C-alpha cells in the first residue's frame, strides 16, 4: 500500500501524541497489528447484558418486568450523562444547553411512550403472584431517578410542598429530611417509614447529599437563570425545560399511576405496592405539585398541575374496566 501524504500526516500526529506522553509509538502500532477485530457483541458486552435477568419465580412475565426496569435504568443513565455534560461545560451556551435538554426529553419520551409494556404487557394474575417474591424491593428505590431530580432543579423544589416556605433558607441536611419522596414510603396503617425507604436512604443518602451540594449552582434551573442574567435569548431553552418538567413530574409518574391502577386498585381496599408505598397519594402529580421551573408556568397552570392528565387516565381506565 502506498504511503500517501494523508497517512504520513496521521503517523506524524501519532508520533507527536505518543512522544508527548513519553511513549514509543512503534510499540502501540505492534499492539494494533496483533489485536483482533472488534465485534458488535464484544463491544456492547451482549452476552453479559442478556445474562442479567434472574427471575425469582417461574412466572414467564417476571422476565418482562425485570427487563423493562433495566431498560428504564439505562435511559436514566443516558439522561444523567447529559446533565453532567451541561453542568461541567466550561463555557455553557444556550445552544449547547438546549441541545442536551432535547436529548433528555427524547429519552423520557421513549420511556413514557413505552410504558404500555408495564401497563398492558403482563398478565395481571402473574404479576400479582410474582410481585410477592420481590418484597421489599420497589421501583421507588431508583437512585438514578432521584439524581435526575436533583440535577434538574433547585433542591428546595424537591422539599415536600407543605415545608418549602418554612425551609427555604434551611441547610441542605434539614431540607433533605423533608424531601417529598420520604412521605411516599410510609406504612399506610402506622405512618412509619417502610423497610423500602430505610434501605434506600441507607444506600444513597450520602450520594444524594453530595450531589445536591455539587449541583447547587449547576442544576438546570440555576444555569438557566445565569443565562437570563447574561441577557441571552433563552426562549428555545425555556420550551425544552417546560417539556422536561412535564415529562419528569407529570408524564412519568402518571405512567406508573396507570400501571398501579390497573394492577393494584381493588374494591373495597386497594392492594399495597411491594414497598408498602402509599401509591394512591404518592404517584398522582396533582398531589405532589412538584414543579422544577415554576418561573416558566402561569399561576393557573401550576394550580391545575397534573389534574387534567390524571382525570383523563382514570376515565380511560374506568371505560376499559
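Output the residues belonging to region 30-66 that are under 28 Å from the mean Cα position of the chain (by Cα) and under 30 Å from residue 18 (Cβ atoms).
Answer for region 30-66, where residues must be under 28 Å from the mean Cα position of the chain (by Cα) and under 30 Å from residue 18 (Cβ atoms): 40, 42, 43, 44, 45.
Are any of the residues in region 126-134 on the phi < 0 side of the Ramachandran plot and touching a strand residue (DSSP E or B) at 6+ places or on another chain (Cβ under 8 Å)?
For region 126-134, residues on the phi < 0 side of the Ramachandran plot and touching a strand residue (DSSP E or B) at 6+ places or on another chain (Cβ under 8 Å): absent.
Note down all Cβ pairs under 6 Å where the first residue falls in region 120-131 and is in contact (Cβ under 8 Å) with a residue 60 or more places away in the chain, the second is crowded, with 20+ Cβ neighbours inside 10 Å and part of a helix (DSSP H, G or I), and they're at least six residues apart or on different chains.
Taking only residues 6 or more apart or on different chains, the pairs are 130/62.
In region 155-174, which residues are touching a residue at least 24 places away in the same chain (Cβ under 8 Å) and either buried (at least 19 other Cβ atoms within 10 Å of the Cβ) or part of a loop (DSSP other than H, G, I, E, B) (or both)?
Once the filter is applied, which keeps residues that are touching a residue at least 24 places away in the same chain (Cβ under 8 Å) and either buried (at least 19 other Cβ atoms within 10 Å of the Cβ) or part of a loop (DSSP other than H, G, I, E, B) (or both), region 155-174 yields 155, 157, 158, 161.
Got at least one residue in region 38-59 being part of a helix (DSSP H, G or I), touching a residue at least 40 places away in the same chain (Cβ under 8 Å) and closer than 28 Å to residue 258 by Cβ?
no
Go through region 228-247 residue by residue and tally those that are in contact (Cβ under 8 Å) with a residue 40 or more places away in the chain, farther than 13 Å from residue 295 by Cβ and assigned to a helix (DSSP H, G or I).
5
Could you please let me know if residue 236 is surrounded by fewer than 17 Cβ atoms within 10 Å (Cβ to Cβ) and closer than 21 Å to residue 82 by Cα?
For residue 236, the condition - surrounded by fewer than 17 Cβ atoms within 10 Å (Cβ to Cβ) and closer than 21 Å to residue 82 by Cα - is met.
Quick one: in region 176-213, of everything that is under 18 Å from the mean Cα position of the chain (by Cα), farther than 17 Å from residue 140 by Cα and free of Cβ contacts under 8 Å to residues at least 60 places away in the same chain, which residue is surrounded by the most Cβ atoms within 10 Å (Cβ to Cβ)?
Restricting to residues being under 18 Å from the mean Cα position of the chain (by Cα), farther than 17 Å from residue 140 by Cα and free of Cβ contacts under 8 Å to residues at least 60 places away in the same chain, the top hit is 209.
Within region 166-189, can you find the residues that are under 22 Å from residue 303 (Cβ atoms) and at pLDDT below 95?
180, 183, 184
Can you tell me which of 102, 13, 8 is in contact (Cβ under 8 Å) with a residue 40 or more places away in the chain and farther than 30 Å from residue 124 by Cβ?
One residue alone meets the criteria, 102.
When only residues in region 128-144 that are modelled with pLDDT of 90 or more and in contact with a helix residue (DSSP H, G or I) (Cβ under 6 Å, 6 or more places away or on another chain) count, which is farthest from residue 246 (Cα to Cα)?
Of everything passing the filter in region 128-144, 130 is farthest from residue 246 (Cα to Cα).
(1) part of a helix (DSSP H, G or I); (2) in contact (Cβ under 8 Å) with a residue 60 or more places away in the chain; (3) under 22 Å from the mean Cα position of the chain (by Cα): which one isn't true of residue 85, the others all being true?
Against the list (1) part of a helix (DSSP H, G or I); (2) in contact (Cβ under 8 Å) with a residue 60 or more places away in the chain; (3) under 22 Å from the mean Cα position of the chain (by Cα), residue 85 comes up short only on (2).
Do you know which residues across region 184-209 are over 15 Å from residue 149 (Cβ atoms) and in a helix (DSSP H, G or I)?
195, 196, 197, 198, 199, 201, 202, 203, 206
For region 106-126: of the residues being part of a loop (DSSP other than H, G, I, E, B) and farther than 15 Å from residue 59 by Cβ, which is farthest from the chain's Cα centre (by Cα)?
So, considering only residues that are part of a loop (DSSP other than H, G, I, E, B) and farther than 15 Å from residue 59 by Cβ, the one farthest from the chain's Cα centre (by Cα) is 120.
The values are calculated or read from the model by the stated rules, or taken from the named source; none is laboratory data. Because the structure is a prediction, the values reported are computed rather than measured. Quick reminder, even Gly has a Cβ in these numbers, built from the backbone with ideal geometry, and neighbours come from all protein chains shown.
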